[in-house]
1. Criterion first (exposed (fewer than 10 other Cβ atoms within 10 Å of the Cβ) and over 10 Å from the mean Cα position of the chain (by Cα)) does N40 satisfy it?
2. Restricting attention to segment 12-25, and to residues there that are under 10 Å from the mean Cα position of the chain (by Cα) and β-branched (V, I, T), which single residue is surrounded by the most Cβ atoms within 10 Å (Cβ to Cβ)?
3. Would you mind telling me which numbered condition in (1) surrounded by 13 or more Cβ atoms within 10 Å (Cβ to Cβ); (2) under 12 Å from the mean Cα position of the chain (by Cα) L84 fails?
4. Take segment 36-65 and flag every residue that is touching a Phe, Trp or Tyr at 6+ places or on another chain (Cβ under 9 Å) and basic (K, R).
5. Determine whether segment 68-86 contains at least one residue that is part of a strand (DSSP E or B), closer than 18 Å to D2 by Cβ and at pLDDT 95 or above.
6. Using the structure shown, decide if V31 is without any contact (Cβ under 8 Å) to a residue 40 or more places away in the chain, touching a Pro at 6+ places or on another chain (Cβ under 9 Å) and closer than 14 Å to I3 by Cβ.
7. For segment 1-11, which positions are more than 12 Å from L77 (Cβ to Cβ) and either over 13 Å from the mean Cα position of the chain (by Cα) or surrounded by 13 or more Cβ atoms within 10 Å (Cβ to Cβ) (or both)?
8. Out of (1) small (G, A, S); (2) modelled with pLDDT of 95 or more; (3) farther than 18 Å from D5 by Cα, the odd one out for G39 is which?
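The values are calculated or read from the model by the stated rules, or taken from the named source; none is laboratory data. Not measured: the values here are computed from a predicted model. Heads up, the Cβs are rebuilt from the backbone with ideal geometry, glycines too, and the neighbour counts pull from every protein chain shown.
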Amino acid sequence: MDITDIRIRKINLDSKMKAIVSVTFDNSLVVHDIKVIEGNDKLFVAMPSRKTPEGEYKDIAHPINSDMRDSLENSILEKYQTALLDEAQPLS
């Protein structure tokens, strides 16, 4: 399954949640509400989740193996860094 598009929908530098992301796979399936979050020592990606009646958060969609998780996280974080650079560029 190939990642065919990544869209950084919202950037918020004043919060631990840095961005909201949508990822398209094989030009056929999109997953919305993936979050870029600032951890203690690095950024990480949190998959979309919902709160259970017990107060726990459960992922709605997520990679089921480490290779896909690494590929997805690396692709999202690269796109996020590019979006930050683009946002910092002055208008000409």
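1. Yes, satisfied.
2. V21
3. Going through the list (1) surrounded by 13 or more Cβ atoms within 10 Å (Cβ to Cβ); (2) under 12 Å from the mean Cα position of the chain (by Cα), L84 breaks only (2).
4. Listed by number, the residues that qualify are R50, K51.
5. Within segment 68-86, not a single residue is part of a strand (DSSP E or B), closer than 18 Å to D2 by Cβ and at pLDDT 95 or above.
6. So V31 fits the description; yes.
7. Across segment 1-11, the qualifying residues are M1, D2, I3, T4, R7, I11.
8. All conditions are met except number (2).
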